[in-house]
Each structure stands twice: as C-alpha cells, then as structure tokens.
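FYI, it's all coordinate maths here, none of it is from the lab. A quick note: this is a predicted structure, and the numbers were derived from the prediction, not measured. Don't worry about glycine lacking a Cβ; one is built from the backbone with ideal geometry, like all the others, and counts go over all protein chains shown.
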Amino acid sequence: MASQPQERIDRINELARKKKTEGLTAAELAEQAELRKAYLADFRAGFKQQVETTQFFDKQGNEITPEKLVHLQKKRGWRDK
C-alpha cells in the first residue's frame, strides 16, 4: 500500500479509474477504502492545524483573534505565554 501522500493520491486515482472501466476486486475495494480514510485523516489534520495557527487582524492592523483560539495557541506553544 502507498504511504507517501502523492503516492496515496495516485493509487486512489488509479483504483478509481479501474473501478470505472473493469471493476475492482474485494481486496482492491478494501484498499481503496483504507487509502481514502488515510487521505481524509491527513487532510483534516492539516486543515485543523492551519486553522489553529491562524491569526486574525482588522483593517487597522489590530489583532482580533478569538480568545478561545489565542488560548489554544498558547497551550500548544505557538504563542508567548
């Protein structure tokens, strides 16, 4: 099974094309489901980290990051305490 992100995407696409043309075996269907599950987990983790590290500013340049997010960023060591 592919482990690198691009290899995983390539394999997902390969299986999708094969599914449309000739169908997949039970093993390939299981592999496809696992690859999709792993891809989505990676995507969600990356998106969550991106959101958690974001700072918001108004037009005057004042930070307006919600306190809940500031607290989380401090807890994770992404901000000074």
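When only Cα pairs below 8 angstrom with a gap of at least 6 residues are kept, the chain shows a relative contact order of 18 percent.
What you get for region 5-50, charging only the Cβ of Lys and Arg (+1) and of Asp and Glu (-1), is a dipole of about 240 debye around the Cα centre.
Of the GluC sites (Glu not before Pro) found in region 1-74, those in coil by DSSP whose Cβ has at most 14 other Cβ atoms within 10 Å are GLU22. Can you pull out the chymotrypsin sites (Phe, Trp or Tyr not before Pro) in region 33-81 that DSSP calls coil and that have at most 11 other Cβ atoms within 10 Å? Loop-located and lightly packed - PHE56.
Give the cross-link partners of LYS59 among the lysines, using a straight C-alpha distance below 30 Å as the criterion and excluding same-chain residues fewer than 8 apart. Leaving aside lysines fewer than 8 places away in the same chain, those within reach of LYS59 are LYS48, LYS68, LYS74, LYS75, LYS81.
So how tilted is helix 5-21 from the main axis of the chain? Cα-based, degrees 0 to 90, rounded to 10. Around 40 degrees separate the two axes.
Length, then width, then depth: along the principal axes, the Cα atoms of region 5-75 run 58, 26, 16 Å.
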